[in-house]
Every structure is written in C-alpha cells, then in structure tokens.
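So the structure is just underneath, and the comments pick up after that.
The values are calculated or read from the model by the stated rules, or taken from the named source; none is laboratory data. This is a predicted model, so every value here is computed, not measured. A quick note on method: Cβ atoms are made from the backbone with ideal geometry, for glycine too, and the neighbour counts reach across all protein chains shown. Areas reflect the complete protein model, heavy atoms only, side chains present, ligands, DNA and RNA absent. Shrake-Rupley method; radii C 1.70, N 1.55, O 1.52, S 1.80 Å.
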Amino acid sequence: MSSRFFNLQGLALITIQAYYKDLQPAFCFGKPSCIHGGKAVMFYTSLGLLALGSGGVKGALPALGGEQFDHKDPKEAKALARFFNWLLLSTTLGASVGVTGIVYLTTEKHKWFWGFFISTVATFIGFCVLASGKPFYRLREPTAANSPIIRIAQVIAVAFKNRRLALPDKPDELYEVDEDETSCREESISHTNQFRFLDKAAIVPKEPEATPSPWTVCTVTQVEEVKILTRMLPILGSTIIMNTSLAQLQTFSVEQGNIMDRHLGQLNVPAASIPIIPLVFMSILIPVYELFFVPFARKITHHPSGITQLQRVGVGLVLSAISMAVAGIVEVKRRDQAHKNMFKPISLFWLSFQYGIFGIADMFTLVGLLEFFYKEAPIGMRSLSTSFTWLSLSFGYFLSTVFVNIINSITKRVGSSGKGWIHGLDLNQSNLNLFYWFLAILSCLNFINYLYWASWYKYKTGEPDPDEAEAKDLRNGPLVAEGENTTLDGGVSQTHEAPSSVQTEESTQQLIKELDHPEAEAKDLSTGPLVKEEENTLDGGLTQTQEAPSSVQTEESKQQLIKELDHPEAEAKDLSSGPLVKGEENTLDGGLTQTQEAPSVQTEESKQ
C-alpha cells in the first residue's frame with residue numbers, strides 16, 4: 001500500500017509541474033539537458049517516487065493476490081492460476097487506455113497536463129480500492145528477522161565462515177529446529193543434495209549455544225530457501241533475451257511507424273499508440289486462453305493451470321523468436337517500398353504481425369513466470385521472487401542498449417560502407433532487418449539454453465491433482481444415513497443401512513456423543529464408527545435383530561473391546577484367529593430361535 005502511495009505522490013508532483021509554466025524548463029537548442037535548480041529537483045524527485053512506487057507495486061501485488069489462495073487446495077489452485085491471468089488482463093486493459101486515450105491527448109492535442117491528471121486520478125481510485133479491502137486480506141506480517149535479504153546474507157556469511165569445515169556424512173546431523181518450535185505459518189523444507197557448499201551454513205558448532213544465533217548456524221530450511229532461489233536464477237536469466245526483443249519492438253517500431261502510412265480511415269493514428277496492437281491481441285486471447293484452453297488442457301494433463309509454468313514460459317520464448325524473424329521480413333518490405341516510392345509507404349498495420357505474435361508470447365511468459373516464482377519460492381520470499389519477473393524486464397531493456405551499441409561498433413568496422421547496421425535517424429538507409437534477425441537467432445540459442453535449465457530444475461512440491469482430490473473427497477464423503485427400504489410379508493417395512501464411509505476420529509467422537517447407545521459409551525473410539533443395529537419384523541409380528549458388520553479394527557482395539565464388553569465368548573476367543581464374531585438371533589414362526597453367525601470383519605487388505 002505504501003508503494004501505491006509513493007506512486008500517487010510522484011504522479012501528483014509531475015502533474016503540478018506540467019500544469020504550471022513557471023515550473024517547466026525553458027526550451028534550449030543542442031544541449032543535452034535544459035532543466036536545473038529547483039525545477040530539476042522537483043522533476044527528478046517525481047520520477048524517483050514513480051520508479052519506487054511502480055517497482056513496489058509490481059513486486060508486491062502478485063504476492064498479495066497469491067496469498068489469498070491456498071495452492072495446496074485443488075479448487076484454490078485453479079483459482080490461483082486464474083488470478084494471474086486476470087491480473088495480466090487488467091494490466092493490459094489499463095495499458096490500452098494509456099497508449100490510446102492519454103497518448104492522443106498529449107501528442108495530438110498537446111495537453112500534457114490532462115494526461116498526467118487522468119493518470120493521477122486513476123491511481124488515486126486504485127489506492128482507495130486497495131485500502132478498502134485491507135480488512136479482508138490474508139496478510140503475513142513481515143518481521144526484520146524474516147527479511148529474505150537478511151536470511152540469504154546469513155546463509156552466505158555462515159557458509160563462508162565454515163568453508164574449511166567438513167560436511168557430516170549424514171544430512172540428519174545438520175542443524176534443524178523441531179517442527180513444534182517453528183511457527184505455524186512457516187514451512188519445513190527437506191534437505192537436497194544440490195549446492196552442497198551451502199550446507200556448511202548448517203553445520204552444528206562443536207560447542208553449541210543455548211540459543212543458537214542465525215549468524216553462527218542456520219537451519220536446513222533456511223539453507224534450502226537459498227538453494228531454491230539459486231535454482232531460479234538460470235530460469236530468470238533465460239528470459240532476459242526475450243525482454244531485450246520487447247525493448248527493440250517498443251523503440252524501433254515507433255520509428256518505423258513514423259515513416260509509414262498511419263491513417264485508419266479518417267483517423268491519423270499516433271506512432272506512440274502502436275503498442276495497442278499487442279494489447280488488443282492479449283485482451284482477446286487471455287479470456288480465450290482461460291475459458292477454453294486451460295479447461296481443455298487440464299483434462300489431458302490434470303494440472304490446475306493446464307500446463308506447467310515452465311512449459312508456458314517455453315512457449316513464450318519460442319513465439320518471441322518467431323516474432324523477431326517476422327519483424328525482419330516486415331522491415332524488408334517496408335524499406336523496399338520506401339525505396340520504390342517514398343510518398344506511398346505501406347500501412348502501419350503491417351507491424352501488427354510481429355506485435356501480435358509477441359503479444360501472445362508475452363501472455364504465456366509473463367503469467368508463467370509470475371506463477372512459477374510465486375509457487376516455487378519459500379513462503380517468506382514470495383514478494384522477492386515475483387519481483388524477479390520485473391528484474392528480468394529491466395535487464396532486458398539495459399541489454400537492448402548494449403546490443404545496439406556493440407552491433408553498430410562491430411558492423412561499422414566490418415562493413416564495406418563503413419556504416420553500422422543502425423546508424424543515423426533514417427531507417428531507410430539502415431539494416432534494421434539484420435538486427436531483428438540477429439535477435440531471432442539469439443532467441444533460438446537462448447531457448448536451447450532454457451531447455452537445459454528447465455529440464456534440470458526440480459519443482460519444490462508436486463502440484464495437486466484435481467481428479468485425485470475429487471476422488472478422495474468421495475472416499476471421505478459424509479456418513480450415509482439412508483438405506484434401502486424393502487417390504488416384507490405382511491406389509492411390514494425393513495430398512496437396511498448403507499455401509500458408512502471411512503470417518504475421522506473427530507467425526508466418530510461426535511457420533512458417539514449424539515447417539516444414546518449403551519455400548520457406544522464403552523466402546524473404544526479407535527475401533528471405528530458405532531455399529532448400529534437393524535430390526536426386521538417377520539411374519540406374525542416376530543422381531544429379527546441383525547447387527548451390521550463392524551468397521552476394521554486393529555489388534556490393540558480388539559484387545560480393548562474384549563476387556564470392556566461383558567461377553568463370555570469374547571473373553572475366551574483367541575484374537576489371532578480373527579475378530580469377534582457376534583451371532584444373530586432370528587425368531588422364526590412357532591417361537592423357535594435360529595442363531596446365524598454374521599460375516600466376520602475382514603481387514604482392509606483382504607477386502608482389496
């Protein structure tokens with residue numbers, strides 16, 4: 001929430017500066033910067049607050065939304081995957097308004113103040129909506145001791161300090177806190193054999209302290225948290241090239257659009273509004289993906305998200321490489337047409353091919369990364385891990401500038417013309433298509449690299465299987481109280497109770513308390529649910545009493561039952577020969593009594 005507030009402050013400051021002419025710098029010619037003094041302080045302060053607020057929101061919002069779902073619950077696991085899709089959709093819709101309405105006001109109508117003012121009002125409304133829901137959120141209060149940065153620093157520092165010590169032969173000898181001493185909100189992570197050098201942070205000191213300090217010895221769980229983040233880093237690095245390609249599309253495509261036919265009927269589309277093309281694709285395809293593809297794929301893979309997070313990222317990386325190849329082809333067509341007739345350029349909407357494909361790639365990769373980093377990260381590091389997605393975006397944009405400078409420097413020396421692939425401001429005299437194809441080849445190599453790390457990565461926990469969970473719910477369903485009604489001779493009804501399902505200890509105790517049965521009070525609860533009797537009325541009004549088969553009993557429960565029940569046959573019966581067999585007395589016509597032995601209780605394995 002504080003990030004939203006910083007964002008709002010930054011927008012308010014820049015809106016004020018855009019409104020008052022006295023706070024704006026004077027126009028200058030040929031100078032790299034025209035702003036200085038108090039105006040510069042106000043301008044850079046507003047940009048800093050915007051960066052701080054946006055970074056905080058993008059890092060914390062996915063984790064906050066994810067905390068509202070229990071990903072171990074099959075139903076909430078489906079809702080969690082759906083949340084990340086709708087989060088991307090809402091971001092896409094907001095960006096669509098920004099690159100169309102706000103861009104039109106600021107570039108075509110030259111009303112900079114109104115563009116910033118609309119953004120400020122929208123941010124204020126979002127802040128109010130977020131604050132109004134605070135009483136209903138599931139919040140995990142952070143503490144200084146549980147700071148992910150501090151926990152990572154502790155493991156690295158202790159492992160470095162113990163670098164000369166030998167690891168114990170058995171991982172059980174490493175330091176770990178008992179589960180009873182840990183907080184119920186924390187998870188216990190089992191030891192893994194990867195990155196064994198970090199295990200030295202969990203070596204128990206020769207003279208252990210009464211209360212070990214995290215700076216002297218770390219728990220196995222804390223070490224495994226650092227291992228998980230370390231395993232994530234190659235996945236993070238494999239997505240940087242894709243964001244580099246995105247940066248090129250958002251820069252060079254705008255330059256291409258300025259020298260293309262931007263007319264849509266009578267409307268002259270601003271070049272800065274070109275990103276609306278992938279946003280439109282994403283706005284249409286995200287609901288289609290969520291409503292149709294995910295349910296279809298879920299039936300085949302039995303995965304709550306349809307496909308795994310790493311598979312989704314892989315699809316996005318492939319599509320980004322295709323997008324770069326298409327961008328190179330479109331640039332060749334645009335440049336050839338400009339050379340033939342520069343007064344009749346091709347339409348701006350030729351760029352929709354590369355943008356559309358990349359929009360689909362972004363839909364797969366961005367949501368896949370957010371869900372992957374959230375699910376796989378330790379509980380206390382989810383905000384940090386979801387920030388990795390935006391960290392990859394930042395690295396990609398920086399690498400974009402580096403690539404342009406390096407490619408220009410090399411091709412200028414190698415090329416016969418003495419000019420780089422991208423030189424000057426005239427794209428018609430450049431080889432932008434070669435740069436796009438270079439990124440396409442680099443993306444293919446990056447995908448091969450990604451395949452290696454994705455196959456090497458092992459998921460922290462198995463995903464819940466919705467089908468198995470539903471079957472388990474059926475097996476552990478409610479007690480069946482109603483049975484079949486059959487009518488005997490003479491019109492008398494006989495009711496058979498259906499076999500009850502397996503009950504938990506608490507449900508058994510509740511059932512015995514509710515039923516007023518003398519044997520139920522003495523019966524050991526561990527022997528299973530209460531056995532209810534059935535009364536059948538035969539011809540002549542005589543009564544037949546039958547006892548339903550009892551539930552499965554353990555050896556100890558059978559011993560306890562014999563001691564408690566005052567039954568002469570039970571005391572003499574050897575338990576090793578099987579469970580107690582109770583007889584059934586049937587009163588036949590004429591008052592004679594017939595005793596029938598009920599089927600003995602079989603163990604679960606024999607019934608299987």
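Can you give me the % of accessible surface on the stretch 247-404 that is carbon or sulfur? Probe 1.4 Å, all protein chains present, nothing else counted. Of the solvent-accessible surface of the stretch 247-404, carbon and sulfur hold 72 percent. In terms of its C-alpha gyration tensor, the stretch 301-392 comes out prolate, because a/c is 1.5 or above and the ratio a/b outweighs b/c. Average accessible surface for the stretch 331-460: 48 Å² per residue, computed with a 1.4 Å probe over protein heavy atoms with every protein chain in place. Ordering of 311-323, 390-402 by packing is 311-323, 390-402, highest average first (other Cβ atoms within 10 Å, averaged per residue). Which shape class, rounded, prolate or oblate, goes with the stretch 216-374 when its Cα gyration tensor gives a ≥ b ≥ c as root eigenvalues, a/c under 1.5 marks rounded, and past that a/b bigger than b/c marks prolate? Since a/c reaches 1.5 and a/b is larger than b/c, the shape of the stretch 216-374 is classed as prolate.
Summary of packing: across the peptides 124-135, 296-307, the per-residue average of other C-beta atoms within 10 Å ranks them, highest first, as 296-307, 124-135. Accessible surface calculations at 1.4 Å, restricted to protein heavy atoms, place the stretch 1-74 at 59 Å² per residue.
A cut-off under 15 angstrom between Cβ atoms defines the neighbours of Gly56, and their net charge, with Lys, Arg +1 and Asp, Glu -1, is +3. Using the Cβ of Leu198 as centre and a radius below 9 Å, the other residues enclosed give a net charge of +1, where K and R count +1 and D and E count -1.
The relative contact order of the stretch 226-353 comes to 31 percent, based on Cα pairs under 8 Å that sit 6 or more residues apart. Rg ratio for the stretch 357-448: its Cα radius of gyration over 2.2 N^0.38 Å, N being its residue count, equals 1.45.
Averaging the sequence gap over all C-alpha pairs within less than 8 Å and six or more residues apart, then dividing by the number of residues, gives the stretch 243-307 a relative contact order of 18 percent. For the cross-link pairs Lys299/Lys375; Lys58/Lys458; Lys58/Lys200, which exceed 31 Å when the distance is taken from alpha carbon to alpha carbon? Those over the limit are Lys58/Lys200. Simple spin-label estimate for His263 and Ser213 gives 7.6 nm between the two label positions (7 Å along the Cα-to-Cβ direction from each Cα). Among 6-15, 72-81, 273-282, sorting by the average number of other beta carbon atoms lying within 10 angstrom of each residue, highest first, gives 273-282, 6-15, 72-81. Stretching Asn405 away from Lys109 to a fully extended chain increases their span by 103.1 nm, per 0.36 nm per residue minus the current alpha-carbon distance.
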